[in-house]
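Worksheet for the structure shown next.
The values are calculated or read from the model by the stated rules, or taken from the named source; none is laboratory data. Model, not experiment: these values are computed from the prediction. For neighbour counting, all protein chains shown are included, and Cβ atoms are generated from backbone atoms with ideal geometry for every residue, glycine included.
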Amino acid sequence: MIPTRAQSFQHRAEVEQLRAVVDGGGTAVLCQVLTGTGGVGKTQLAADYARAAWGSGGVDVLVWITASTRSAVVFGYAQAGVEVLGADPGGREQAARLFLAWLEPKPGARPCRWLVVLDDLADPAGLRGLWPPPALRAEPSSPPAAGTPP
């Protein structure tokens, strides 16, 4: 679920810069990492973009995951696998892997336009094997200690 807009959210130049970077991506691989100290608005910036992308029909699938732990990411992907693919909710790892595989572009098929937000990501290295595949969009919102995904 996308976080609600903060009452104090102020439109900033970064919002337009993020949209320009992401919207210019077409079907290219695109990863946008938002970093900064706690409370500067990384989550709100990503949420604003996610709301706009979903509202305009710019994405077919939107997954928002509070990615504070590896198990939270697995749970988020598994939940998406259950909702989108009808995966077995009893096998979280398998449902998560099915969902990630489903995001992969398929030869000859119209690509699914997706947006995955990994919010509050503290340890990118801890997500080995769980990064979204190179397809359309993945946007980690992370604290300053986070590096870029592999």
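The table below gives the values:
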quantity	calculated
Residue within the range 18-31 that is of a type in the set (S, T, N, Q), surrounded by 14 or more Cβ atoms within 10 Å (Cβ to Cβ), at pLDDT below 80 and not in a helix (DSSP H, G or I) present	no
Residue in the range 41-59 that is small (Gly, Ala, Ser) and in contact with a Ser or Thr (Cβ under 6 Å, 6 or more places away or on another chain) present	yes
Residue that is in a loop (DSSP other than H, G, I, E, B), in contact with a strand residue (DSSP E or B) (Cβ under 6 Å, 6 or more places away or on another chain) and either closer than 22 Å to residue 45 by Cα or at pLDDT 90 or above (or both), where the choices are 121, 130	121
Filtered residue count, the range 55-76, keeping only those that are modelled with pLDDT of 90 or more and out of contact with any Lys or Arg (no Cβ under 8 Å at 6 or more places or on another chain)	13
Close pairs from the range 60-78: first small (Gly, Ala, Ser), partner part of a loop (DSSP other than H, G, I, E, B) and crowded, with 21+ Cβ neighbours inside 10 Å, Cβ under 8 Å, at least 6 apart	67/121; 68/121; 76/67; 78/87
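Here's the yes/no breakdown for (1) of a type in the set (A, V, I, L, M, F, W, C); (2) in a helix (DSSP H, G or I); (3) surrounded by fewer than 21 Cβ atoms within 10 Å (Cβ to Cβ):
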position	(1), (2), (3)
80	yes, yes, no
84	yes, yes, yes
89	no, no, yes
93	no, yes, yes
97	no, yes, yes
102	yes, yes, yes
105	no, no, yes
109	yes, no, yes
116	yes, no, no
